[in-house]
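> Could you have a look at this structure, given as structure tokens, before my questions?
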Amino acid sequence: MKVRILVVIAVLLGWLLCVGACQGPSVVPIRLRVHYRPMNPTFQSATGWTVALASASLRFQALRFYEGNPAYAGLAPRRGFRRLLQGILPMAWAHPGHFEGGAIKAEWILGQGLDLLGDKDREVAQINGFTGDYGAAEFSFAAEDRVSLQGSASKDRQEVKFICDISLEKRDISGIAFAHKVASNAKPIVFEIHTQKWFDLTDFSRFVQDQDIPDRKKPDQTDTNILRKAILQSTSYAVFYE
């Protein structure tokens with residue numbers, strides 16, 4: 001009789017822990033503010049060119065935020081029964097792993113170009129999302145998205161006035177860490193686009209004359225490909241929750 005009672009208690013305890021693990025943390029809908037933080041329009045590239053941007057815009061499809069910690073993160077320390085529980089129960093709230101694969105917690109669909117210049121943070125969107133643990137962000141690009149840049153670059157008494165109009169390609173830029181617990185909209189989500197990184201491998205002396213704009217030069221095919229690859233690198237983007 002005592003054995004049966006102990007078995008019933010053990011089964012009941014296991015069921016309660018399973019329910020708690022599978023349901024995941026409590027979340028509620030939330031309206032999140034998204035701010036863009038411009039970078040300095042004048043900078044020096046890794047190849048020694050001093051670049052001054054007069055205009056810069058980027059079109060991308062979406063900025064997505066993925067969930068973070070698994071459901072059982074709030075349970076007992078990772079030992080004993082919890083270790084056993086992790087071995088036999090699936091995660092209802094999938095961890096994004098290497099910043100990929102988790103459920104979407106919030107999403108901003110842009111659908112138009114974003115002016116990258118300015119002198120202070122500015123609100124660019126308000127999006128629907130959920131409270132809870134966030135773990136990663138992702139920028140999504142489509143084949144019709146573009147980058148438009150105009151300015152000047154100087155090095156060793158040589159000055160190049162340039163214009164770049166670069167078509168991108170379909171790409172999801174994952175791996176952007178955003179490990180935060182979001183409980184309210186008191187703080188905005190802030191993101192940066194590090195335009196200076198785009199020019200680290202650019203040699204402006206190779207730029208060719210633009211036939212449509214006589215006083216400007218544009219990148220040749222080699223530098224266009226170099227710029228495109230730099231634009232589509234995750235190291236050119238950062239997301240904060242300050």
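> Being among the basic types (K, R), surrounded by 16 or more Cβ atoms within 10 Å (Cβ to Cβ) and either in contact with a helix residue (DSSP H, G or I) (Cβ under 8 Å, 6 or more places away or on another chain) or under 21 Å from L58 (Cβ atoms) (or both) is the requirement here; does K170 meet it? Quick ask: steps written out before the conclusion?
Values: among the basic types (K, R): yes; surrounded by 16 or more Cβ atoms within 10 Å (Cβ to Cβ): no; either in contact with a helix residue (DSSP H, G or I) (Cβ under 8 Å, 6 or more places away or on another chain) or under 21 Å from L58 (Cβ atoms) (or both): yes.
So K170 does not fit the description; no.
> Given (1) at pLDDT below 95; (2) assigned to a loop (DSSP other than H, G, I, E, B), where does N40 come up short, assuming only one miss?
(1)
> I've got another one for you. Name every residue in the range 198-242 that is within 21 Å of A46 (Cα to Cα) and charged (D, E, K, R), in order of residue number.
Within the range 198-242, D200, D203, R206, K217, K218, D220, D223, R228, K229 qualify.
> Anything in the range 215-242 that is in contact with an Asp or Glu (Cβ under 6 Å, 6 or more places away or on another chain) and among the small types (G, A, S)? List them, or say none.
Within the range 215-242, A238 is the sole residue that qualifies.
> Restricting attention to the range 110-135, report how many residues are buried (at least 17 other Cβ atoms within 10 Å of the Cβ) and farther than 20 Å from N185 by Cβ.
Count: 1.
> Further question on the same structure: State yes or no: is F162 in contact with a Pro (Cβ under 8 Å, 6 or more places away or on another chain), within 29 Å of Q221 (Cβ to Cβ) and surrounded by 18 or more Cβ atoms within 10 Å (Cβ to Cβ)? Walk me through it before giving the result.
Working: in contact with a Pro (Cβ under 8 Å, 6 or more places away or on another chain): yes; within 29 Å of Q221 (Cβ to Cβ): yes; surrounded by 18 or more Cβ atoms within 10 Å (Cβ to Cβ): yes.
Taking the combined requirement at face value, the residue satisfies it.
> Can you work out which of the residues in the range 22-68 that are more than 14 Å from H194 (Cα to Cα) and among the charged types (D, E, K, R) is surrounded by the fewest Cβ atoms within 10 Å (Cβ to Cβ)?
That would be R31.
> Check F191 against each of (1) at pLDDT 95 or above; (2) surrounded by fewer than 17 Cβ atoms within 10 Å (Cβ to Cβ) and name the one condition it does not meet.
(2)
> Further, regarding this structure: Residues in the range 209-218: is at least one in a strand (DSSP E or B), in contact with a strand residue (DSSP E or B) (Cβ under 7 Å, 6 or more places away or on another chain), surrounded by fewer than 19 Cβ atoms within 10 Å (Cβ to Cβ) and free of Cβ contacts under 8 Å to residues at least 24 places away in the same chain?
yes
> Out of (1) touching a residue at least 40 places away in the same chain (Cβ under 8 Å); (2) in contact with a Phe, Trp or Tyr (Cβ under 9 Å, 6 or more places away or on another chain); (3) in a strand (DSSP E or B), what's the single condition that is false for Q196?
Among (1) touching a residue at least 40 places away in the same chain (Cβ under 8 Å); (2) in contact with a Phe, Trp or Tyr (Cβ under 9 Å, 6 or more places away or on another chain); (3) in a strand (DSSP E or B), Q196 violates only (3).
> Do the conditions hold for L110, that is, is it under 17 Å from the mean Cα position of the chain (by Cα) and of a type outside the set (F, W, Y)?
Working: under 17 Å from the mean Cα position of the chain (by Cα): yes; of a type outside the set (F, W, Y): yes.
Answer is yes for this residue.
> Just the residues that are within 17 Å of the chain's Cα centre (by Cα) and in a loop (DSSP other than H, G, I, E, B), please, taken from the range 219-242.
So in the range 219-242, the residues within 17 Å of the chain's Cα centre (by Cα) come out as 229-242.
Scanning the range 219-242 gives L232, Q233, Y241, E242.
> Looking at A153, is it at pLDDT 90 or above, assigned to a strand (DSSP E or B) and under 17 Å from V34 (Cα atoms)?
Details: at pLDDT 90 or above: yes; assigned to a strand (DSSP E or B): yes; under 17 Å from V34 (Cα atoms): no.
So A153 fails the test.
> Does the range 219-242 hold any residues that are of a type in the set (D, E, K, R) and touching a residue at least 24 places away in the same chain (Cβ under 8 Å), and which are they? Don't jump to the end; show me each part of the working.
Just the residues of the range 219-242 that are of a type in the set (D, E, K, R), to begin with: 220, 223, 228-229, 242.
Across the range 219-242, the qualifying residues are R228, E242.
The values are calculated or read from the model by the stated rules, or taken from the named source; none is laboratory data. Predicted model, so just to flag it, every value in this text is computed and none were measured. As a convention, Cβ positions derive from the backbone with ideal geometry for all residues, glycine included, and neighbour counts pool all protein chains shown.
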